1. P(r) for the stretch 62-146: what percent of alpha-carbon pairs falls in each 10 Å bin, starting at zero?
2. For n ≥ 4 DSSP H runs only, could you compute -39500 (n - 2.57) per run for the chain, divide by its residues and tell me the 222 nm figure to the nearest 500?
3. What net charge do the residues around residue 86 carry, taking every other residue with its C-beta under 13 Å from that of residue 86, with Lys and Arg at +1 and Asp and Glu at -1?
4. Distance from the Cα centre of the stretch 101-151 to that of the stretch 210-232, in angstrom?
5. Compute log10 of I(q)/I(0) for the stretch 44-95 with the Debye formula, placing one identical point scatterer on every Cα and leaving out solvent, at q = 0.26, 0.27 Å⁻¹, to two decimals.
6. What residues qualify as long-range amide H neighbours of residue 105, i.e. H under 5 Å apart, gap of 5 or more or another chain, H built at 1.01 Å from N?
7. Which longest run of the chain has no exposed loop site in it, a site being GluC sites (Glu not before Pro) in a DSSP loop with at most 16 other beta carbons within 10 Å, and the site itself not part of the run?
8. Starting from the alpha-carbon convex hull of the chain, give the projected area averaged over all orientations, in nm².
Amino acid sequence: MYHLMKNWKKGVRMAIYSRDQMQIYFERGRDHGQSGDPLLFISGTGGDLRNKPNQFDSPLAKSFELIAYDQRGLGQTSKPEGDYSMREYADDAASLLDHLNLDRVPVVGVSFGGMVAQEFVLRHPDRVSRVVLACTSSGGKGNSSYPLHEIEKLDSIERASKHLEVSDLRRDKKWQQENPEKWQHYIELAVSGRRSDRDQTGATKQLMARKEHDTFDRLSQIEIPVLVAGGKYDGVAPVENMKAIAGQIQSSEFRFYEGGHMFLVQDREAYPEIIEWLKR
């Protein structure tokens, strides 16, 4: 089942399709009419295409026909009952390609999306031509990303403060004391972005699936080109975690940029270099 919504903006087409009685919301478009090959973008924890700016405002949308979607439990996608698994997240991505009649595409997975991308490549190796794994971890012997599920029960200010600190290790206590106005602004932005109770349930289920993520021993099965990319000051997915991923995949290379978990928007060289790699 496929329902095309009537809302068009900046050349982005918004639609919903059904998979196993679950409706998945996705967007597909060309920014400012520029064409390109399809590229699947898998977002991080809590990703919601209603939040702006998003990946359709990034340089990726000017170089590719970008495809992105709200993962199960989030945004305008259905919120099924029960726990969610990494296998299900990966199969959701494959079902989207099936729906769009796309056999094989490059993939960019960021943070949690990088974990989904790992599982996607392993479960559906014939569907991915090359993959960027950005600021992510393999779990298992390759170490896990920071346990965000452990700070979910903190009050909103404590949770925002901890998340901001680990997202960029340069924001330590000394930095906070020297930049009180910036720090307060960051805290206010983080607190104001808190999700509704319904969306928070989906995000919590995502965090629990994330906790169980472990692809480390299987990564050696990946044979397609892989770019592992991250920020030098990322405390969510530390440098050593990403080096561990690259070390398991013979066809990989890794690059690190000036920034933390948000290095894609912190380092001006990140997007151009990643786009160049994707177009090889």
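Please treat every number below as a calculation from the coordinates, not as lab data. Values in this document were obtained by computation on a predicted structure and should not be read as measured data. Positions of Cβ are generated from backbone atoms using ideal geometry, with glycine treated the same way; all protein chains shown enter the neighbour counts.
1. 16, 50, 30, 4
2. Dividing the helical sum by the residues of the chain leaves -10500 deg cm²/dmol.
3. Local net charge: 0.
4. With the stretch 101-151 and the stretch 210-232 each reduced to a Cα centre, they are spaced 6 Å.
5. Debye curve over Cα of the stretch 44-95, log10 I(q)/I(0) at q = 0.26, 0.27 Å⁻¹: -1.10, -1.14.
6. Amide H to amide H, under 5 Å and 5 or more residues apart or across chains, residue 105 pairs with 128, 129.
7. Counting only loop sites that pass the neighbour cut-off, the longest clear stretch is 1-80.
8. About 14.2 nm², averaged over all directions.
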